[in-house]
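Enquirer: Got a structure for you, questions after.
The values are calculated or read from the model by the stated rules, or taken from the named source; none is laboratory data. Quantities reported herein were computed from a predicted structural model and do not represent experimental measurements. Cβ sites come from the backbone with ideal geometry, for glycine too, and all protein chains shown count toward neighbours. We work out accessible area using only protein heavy atoms, side chains counted, and drop any ligands, DNA or RNA first. Shrake-Rupley method; radii C 1.70, N 1.55, O 1.52, S 1.80 Å.
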Amino acid sequence: MVNADRRKDAFPKPKPAKIKSAGAAQSPMLGAAMFAPAALYILLLIGTPFVLALYYAFSDARIGSSGLHFVGLENFRSILQSPSFRTAVKNSVIFTVVAQSIVICCSMMLSTALESRFRGRGIIRFLVLLPWVAPMALGAIGWKWILDSIYSVITWFLVWLHIFKPYGAPMWLGEPKLAMAAVVLVHCWRLIPFSTVIMLAGQTAIPKEIPEAAAIDGAGFWRTFFQIKIPMMRSIISVAVLFGTIFTFTDMTVVYILTAGGPYDSTQTLPSLAFATGIQGSDLAAGAAISVFLVPVLVVVAYLMLRVAHRTEGA
Amino acid sequence: MAVVETRDLTKVFKQGELGAVNNVNLVTREGEFLVFLGPSGSGKTTLLRMIAGLEQPTSGEILIGGQLVNHLSPRERRIAMVFQSYALYPHLTVYKNIAFPLKAQKVPSNLHKEKVEWAASLLGIGSLLHRKPRELSGGERQRVALARAIVREPAVFLLDEPLSNLDAKLRLAAREELERFHRRVGTTTIYVTHDQVEAMAMGDRIVVLNKGVVRQFGTPKEVYDDPADTFVATFLGSPPMNLLENEDLIVGFRPEHFRLAETVTDSAKVLFNFHVENVEYLGAEFILAGTLTGGIAEGKMVIARLLLGHSFEVGVTYQFAVAERHLKYFDCTTEKKVEARAVAW
């Protein structure tokens, strides 16, 4: 035994040569370095404003004032009592639910239509996607013109058809219900392409034989659609709904450009009210407190999204 | 049960190109197991899909049970189809998969349980009814697909390569099971495959297709023993038929008919000198590959299939023979079968 050991020492094994790339791939430093930009991005551009908003929400911060005092739940108490805030919460919920319902129905129909082969399908697909590619502010300004009280093309067309008398046409952005409908409509116009693309991916992922088997089994279009296709697309529909909910619930561009929350707060949503109160009204603390109310909703949505992702991975 | 008939059935996918299926005329028999056999791209699946109603023919007629069905949707044709991928509905349990055709065809719901259990017991999957397709093995999925097809008692069964996703061992067992199943239910069945062994073993009759054209339509024995052209001769049989050009003819003989001259007892036989170049020992038989020497067929590659009982060595020339009754004759230009005639070797 001793001899054997000695013999081993006499001929020491050469050390295995280090392969640089393999060694580097395993090094924890490299992993951290690769991860750092993403972490930094989230920390600086999302984390900091979020913490700042929380901080402001419990203070008396105002634009132009350098003093900052902790005021506890005072901001929350005052906004909860404000009728504007309650309207904004109600509007946000209506806006999100109605817009998302329309978006999902329309994008499901569109994706079903765009999945079948026909001449010019490529061009139609491109046109459908266009509103998503165009900058949001530009689109919203276009819509502002289309719905304008004096220059509205829609009004002009309806007058031309003798449905309304000149000067008797509805004010699309000036009447509370019509203004809300206009905001929902523009938002749908914006989100349908995005949702359609997601749904289209879901539809094409269904093997061709499945609807064929359903057809042979005797199922018509609607049965195949509701009992086979939609259940098979459940995960992808959830993704579209959850993304859409976040985009709608947190969006303020459409409301801000079209109606600025008016008339009489009838289209005010939480993000637009937060902006109007915090930035335009100089009451940073109240604005921050309003935006903090978005957090629970978004946390629930984020949790659901992660669950869907997890379930899809498992399947 | 019903008879399926096609009249001049043609499918052209791109105008100006050769059709995927060209002028196919065939009639099944009541309760028959008919096999469409051909290499990939031969049009066998397109033909089946047209019968199913999943593909519209460019021209021609399809009749099921004597009724013209060209304009009918798949569900109105009273057919059932098993797909190569089985196409089970992944989100439904086995029970719901099997019950789906009943629901779709508005069979009263109080009959569903009874019918599903009948179909499941017929295929021995009674214990799997509450599982999802992803929890099943390949063989079990195939049985579920069959149960889903049988449950509404269709007039015709269409099977599109249902065994090709199974491993070799399972395929053999599943093949036997399918045969037993067909004997029990006795429904007219059309089965698509590219596997000639499957076709020979299962088919009452075989339709051999190539490039969208029916090359031969007959019993397994007819298509094997008496091929209509050189395509059928070489597509069926493994190893394929040996073909030798002789003047304006192509003369063919099966490897198992090419034997040592002394073992061929017929007096009318053709003798060849066979120079063995490769010997494959397959346990129960030998596959010999080599060239012919002397005569018209000098240098031609041929294959012999022999039972054990003699040993062969590579590089040695043996005297082989084929009985004349085993020689098949084809026209050199059309490659179609012609009458036997005397040729000099």
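Enquirer: Tell me whether the protein assembly as shown comes out rounded, prolate or oblate; compute the Cα gyration tensor, take square roots of the eigenvalues as a ≥ b ≥ c, and use a/c under 1.5 as the rounded threshold. Working shown, then result.
Expert: Details: a/c = 2.91, a/b = 1.91, b/c = 1.53.
Judged from the Cα gyration tensor, the protein assembly as shown comes out prolate (a/c at least 1.5, a/b above b/c).
Enquirer: Please list, by residue number, every one of the chymotrypsin sites (Phe, Trp or Tyr not before Pro) in the stretch B:126-226 that is coil in DSSP and has at most 15 other beta-carbon atoms within 10 Å.
Expert: Within the stretch B:126-226, no chymotrypsin sites (Phe, Trp or Tyr not before Pro) qualify (loop, at most 15 other Cβ atoms within 10 Å).
Enquirer: Among DSSP bridges having both ends in chain B, what percentage is antiparallel? Round to the nearest 5.
Expert: On the way: 51 of 69 bridges.
In chain B, DSSP labels about 75 percent of beta bridges as antiparallel.
Enquirer: As a test of the definition: with a 1.4 Å probe, what buried accessible area, both sides summed, do you compute for A against B, in Å² to the nearest 100? Write out the running numbers ahead of the final one.
Expert: On the way: alone 20150 and 16470 Å², together 34890 Å².
Counting both chains, the buried surface is close to 1700 Å².
Enquirer: If you don't mind, there's one more thing I want to ask. Chain A: longest stretch without exposed trypsin sites (Lys or Arg not before Pro) (DSSP loop, at most 15 other Cβ within 10 Å), sites themselves excluded? Provide the component values of the computation, followed by the final result.
Expert: Details: sites that count: A:Lys18, A:Arg117, A:Arg119, A:Lys208.
That gives A:209-315 as the longest site-free run.
Enquirer: Protein chains only, probe 1.4 Å: how do B:Leu308, B:Leu327 rank by accessible area, largest first? Present the calculation step by step, with values, prior to reporting the outcome.
Expert: On the way: B:Leu308 80, B:Leu327 10 Å².
So the residues, ranked largest to smallest area, are B:Leu308, B:Leu327.
Enquirer: With N set to the number of residues, divide the alpha-carbon radius of gyration of the stretch B:134-183 by 2.2 N^0.38 Å and report two decimals.
Expert: Working: Rg = 11.0 Å, N = 50, 2.2 N^0.38 = 9.7 Å.
After normalising by residue count via 2.2 N^0.38 Å, the value is 1.13.
Enquirer: Sticking with this structure for a sec: For a quick check of your reading of the filter: which trypsin sites (Lys or Arg not before Pro) in the stretch B:1-105 sit in a DSSP loop and have no more than 14 other Cβ atoms within 10 Å?
Expert: B:Lys14, B:Arg29
Enquirer: Test of understanding: given chain A, find the longest segment containing no chymotrypsin sites (Phe, Trp or Tyr not before Pro) that are in a DSSP loop and have at most 15 other Cβ atoms within 10 Å.
Expert: Numbers: sites that count: A:Phe118, A:Tyr151, A:Phe164, A:Tyr167, A:Tyr264.
In short, A:1-117.
Enquirer: Shielding of B:73-80 by partners, i.e. mean partner chain Cβ atoms within 10 Å per residue? Provide the component values of the computation, followed by the final result.
Expert: Working: counts 4, 8, 7, 1, 1, 1, 1, 4.
Neighbouring Cβ atoms belonging to other protein chains average 3 per residue here.
Enquirer: Using each residue's phi in the stretch A:223-237, evaluate 6.51 cos²θ - 1.76 cosθ + 1.60 at θ = phi - 60° and report the 3J(HN,Hα) Karplus result to the nearest Hz, with x for Gly and Pro.
Expert: Result, rounded to whole Hz: 5, 4, 5, 7, 9, 10, 5, 4, x, 6, 9, 3, 4, 5, 5.
Enquirer: May I pose another question? Give me the distance in nm between label points sitting 7 Å out from Cα along the Cα-to-Cβ direction at B:Asp204 and B:Val107, one decimal.
Expert: About 2.4 nm, to one decimal.
Enquirer: Could you give the size of the charge dipole of the protein assembly as shown about its Cα centre, using +1 on the Cβ of each K and R and -1 on the Cβ of each D and E, expressed in debye and rounded to the nearest 20? Working shown, then result.
Expert: Values: 66 positive and 55 negative charges, 459 e Å.
Dipole magnitude for the protein assembly as shown comes out near 2200 debye.
Enquirer: Charges on Cβ only, +1 for Lys and Arg, -1 for Asp and Glu, centred on the Cα centroid of the stretch A:209-286; of A:Gly278, A:Gly218, A:Val239, which one is farthest towards the dipole's positive end?
Expert: Value: A:Gly218.
Enquirer: From the cross-link list B:Lys44/B:Lys336; A:Lys208/B:Lys11; B:Lys221/B:Lys337; B:Lys11/B:Lys103; B:Lys103/B:Lys132; B:Lys211/B:Lys269, which pairs have alpha carbons spaced over 24 Å apart?
Expert: On the way: B:Lys44/B:Lys336 21 Å; A:Lys208/B:Lys11 20 Å; B:Lys221/B:Lys337 16 Å; B:Lys11/B:Lys103 33 Å; B:Lys103/B:Lys132 18 Å; B:Lys211/B:Lys269 36 Å.
Going by Cα-Cα distance, B:Lys11/B:Lys103; B:Lys211/B:Lys269 fall outside the 24 Å limit.
Enquirer: Also, I was wondering about something else. Full-extension gain between B:Thr219 and B:Glu176, please, as 0.36 nm times their residue separation minus the C-alpha to C-alpha distance.
Expert: Details: separation 43, 0.36 × 43 = 15.48 nm, distance 1.87 nm.
Working it through step by step, the gained length comes to 13.6 nm.
Enquirer: Residues of the stretch B:303-345 with backbone nitrogen within less than 14 Å of a virtual label 7 Å along the Cα-to-Cβ line of B:Asn278, please, listed as ranges.
Expert: B:303-305, B:314-315
Enquirer: Helix-derived [θ] at 222 nm for chain A: sum -39500 (n - 2.57) over DSSP H runs of at least 4, divide by residue count, nearest 500?
Expert: Numbers: 16 runs with 210 residues, N = 315.
Calculated mean residue ellipticity at 222 nm is -21000 deg cm²/dmol.
Enquirer: Right, here's the next one. Roughly what % of DSSP beta bridges within the protein assembly as shown run antiparallel, to the nearest 5?
Expert: Numbers: 52 of 70 bridges.
The antiparallel proportion sits near 75 percent.
Enquirer: When you have a sec, figure out the Kirkwood radius of the stretch A:161-315 from all distinct Cα pair distances and drop it here in Å to one decimal? Walk me through the numbers on the way to the answer.
Expert: Numbers: mean 1/r = 0.0531 Å⁻¹.
Over the stretch A:161-315, the inverse of the mean reciprocal pair distance is 18.8 Å.
Enquirer: Write down the Kirkwood hydrodynamic radius of chain B, to one decimal in angstroms, obtained as one divided by the mean of 1/r over all alpha carbon pairs. Can you show the working numbers first?
Expert: Working: mean 1/r = 0.0444 Å⁻¹.
For chain B, the Kirkwood estimate is 22.5 Å.
Enquirer: Which one, B:Leu123, B:Ser109, B:Ile98, is farthest towards the positive end of the dipole of the stretch B:1-140 when Lys and Arg carry +1 and Asp and Glu -1 on their Cβ?
Expert: In the stretch B:1-140, that residue is B:Ser109.
Enquirer: Would you compute, from DSSP H runs of 4+ residues alone, the mean residue ellipticity of chain B at 222 nm, taking -39500 (n - 2.57) per run and dividing by the full residue count, rounded to the nearest 500?
Expert: Details: 8 runs with 84 residues, N = 345.
Value at 222 nm, helices only: -7500 deg cm²/dmol.
Enquirer: Going by a ≥ b ≥ c, the root eigenvalues of the Cα gyration tensor, does the stretch B:260-345 fall in the rounded group (a/c under 1.5), the prolate group (a/b larger than b/c) or the oblate group? Write out the running numbers ahead of the final one.
Expert: Values: a/c = 1.80, a/b = 1.65, b/c = 1.09.
Prolate, because a/c is 1.5 or more and a/b exceeds b/c.
Enquirer: Distance from the Cα centre of the stretch B:27-77 to that of the stretch B:201-227, in angstrom?
Expert: Value for the Cα centre distance between the two parts: 17 Å.
Enquirer: Rounded to a whole number of µm²/s, how large is the Stokes-Einstein D of the stretch B:44-121 at 4 °C and 1.567 mPa s, given Rh as the Kirkwood radius over C-alpha pairs? Show your work: numbers first, answer last.
Expert: Working: Rh = 14.4 Å.
Diffusion coefficient, whole number: 90 µm²/s.
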